[in-house]
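Q: Please read through the structure below; I'll follow up with questions.
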Amino acid sequence: RREIDSILYSPIFHPYHKVFNRFGFGDDLRAWLLVRIYPFEDFLDEHGRAIVQYTKGTNDPKLGKKTSKPRSKRRFKQALGVGRVSQSSGSSVRSGSKMKGSADARSAIWLHLNSAYEMSLSQSGNRRKNIRFTDEPVRAKIEEYFISRAFESEGKGLKKKKGDALKAARNATCRKIAELVFSELLKDLGSSPDDVTD
């Protein structure tokens, strides 16, 4: 275990752990994340910025509206096993519920969601007593997002969803966690436009 820790917490990963600390990730999840996303620069362009592709809108190309496709973020989510898969049937294309990428990384994120958020909430969406919870802004965002997806209004309060609706809420929150990790890493490890010189 000491040998594993010496690798996991080697100096080259310190910038990543600075970000992971904001999320309260455990060692297992940190390891799976690093296996899948290191080096983070591989997801960025040559200037250290996120790759976003713009295409003309399909509804009415004459209006000149463009649709943005966040290529870097999509690749990042797929690397962590929470990328969406488009399913085609005849002439229709829809975004399915199946997720693409590493099943191990996806499981590690799901376990973090379960232990750090879902188990700390009651069936009415309130935080259970004696639950230690740091007030990191990013953690508050995740908790708020999960509650908005996994609970529905009932009278004056909330009630936890069940079955496929709850599963969809968990999957959506896992994707949200990956998106927030990407944003935080981009903020710390990426380049701002001011840093780029042509």
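The values are calculated or read from the model by the stated rules, or taken from the named source; none is laboratory data. Note that the coordinates shown come from a computational prediction; the quantities given were computed from them, not determined experimentally. Cβ: placed from backbone, ideal geometry, glycine included. Neighbour counts: every protein chain shown. Quick note on the areas: whole protein, heavy atoms, side chains included, nothing else; ligands and nucleic acids left out. Shrake-Rupley method; radii C 1.70, N 1.55, O 1.52, S 1.80 Å.
Q: Scanning for something within 14 Å of the chain's Cα centre (by Cα), of a type in the set (Gly, Ala, Ser), open to solvent by 30 Å² or more (accessible area, probe 1.4 Å) and modelled with pLDDT of 85 or more, does segment 178-193 turn up at least one residue?
A: Yes - at least one qualifying residue is present in segment 178-193.
Q: Among all residue pairs at least 6 apart or on different chains, which show Cβ distances below 8 Å where the first residue, located in segment 11-29, is farther than 19 Å from THR173 by Cβ and the second is among the hydroxyl-bearing types (Ser, Thr, Tyr)?
A: These pairs meet every condition: PHE13/TYR38; TYR16/TYR38; HIS17/TYR9.
Q: Considering only residues that are assigned to a helix (DSSP H, G or I) and crowded, with 16+ Cβ neighbours inside 10 Å, which ones fall in segment 139-171?
A: ARG139, ILE142, GLU143, TYR145, PHE146, ILE147, ARG149, ALA150, ALA169, ARG170, ASN171
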